[in-house]
Amino acid sequence: MKAAVAAPPRAKSPPSPAAVKAKKKAPAAADCPALSPEQRHAMIATAAYFRAERRSFVGAAEVDDWLAAEAEIDRTLAAACRA
């Protein structure tokens, strides 16, 4: 009776360039500011207010101010996590 021979371990293939890039961008939890939904909302509200103030509160652009402020805050938070 012949003994079973284990197959040699397979060599790991190198990670794809996209995987390497994603790993470099992935921030450690300690690098990202801990922010509650309420804090994020307050930051967006403040930024939206200042946007409305810059346009002298003229026109009915509150939603546009909010959406632009939301995008700005999200970009700022994302940049803080990558730094």
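Computed from the coordinates by the stated procedures, all read-outs in this text should not be read as laboratory data. Everything numeric here is computed off the predicted structure, so don't read it as measured data.
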Checklist line | Segment ARG82-ALA42, length gained on full extension (0.36 nm per residue, minus Cα span) | finding: 12.2 nm
Check: When the scattering of the range 36-82 is computed by the Debye formula from its Cα atoms alone, each counted once and equally, what is log10 I(q)/I(0) at q = 0.17 Å⁻¹?
Finding: -0.47
